[in-house]
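S.K.: Following this message is one structure expressed as structure tokens.
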Ligand SMILES: [Zn+2]
């Protein structure tokens, strides 16, 4: 991978990292104004409130996971390992990195680790 491309990816990752960190700091989901008309607010059940809370903690959890992936991708750029699968050390396809620049695994390893969970 040439260094121009690597720098572009680094910039993309840093931007994404910054966005996520800002969201985390602001607690964005929790404080986002909920736009409901009065009738709907009146009927908002305890269940809805609980679901909303569960969703926002799920979002927070995913954000932590993504921040960790981005952090380790940035580390791999610095150490020169970026673009190679952390498991089998094969090159990760360019298309895959375009879609997910923080991807730590090649397609094969990613599929294998997904299947193992089921
Ligand atoms: Zn692999």
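Every number in this text was worked out from the coordinates using simple rules, so none of it is lab data. On a predicted model such as this, the values are computed, not experimentally measured, just so you know. Cβ coordinates were reconstructed from backbone atoms using ideal geometry, including for glycine residues, and neighbour counts include every protein chain displayed.
S.K.: PRE reach from residue 107 (point 7 Å along Cα→Cβ): which of segment 61-86 fall under 18 Å by backbone N?
M.R.: 83-86
S.K.: Treat the count of other C-beta atoms within 10 Å as a stand-in for reagent exposure and order 72, 3 from fewest to most.
M.R.: Placing the least packed residue first, the sequence is 3, 72.
S.K.: Okay, moving on. Using only the alpha-carbon atoms of segment 3-116, report the extent along each of the three principal axes, biggest first, to the nearest angstrom.
M.R.: Computed over segment 3-116, the largest-to-smallest principal extents equal 56, 33, 20 Å.
S.K.: Spin-label point model (7 Å from Cα, Cβ direction): what's the residue 76 to residue 15 distance in nm?
M.R.: It is 2.1 nm.
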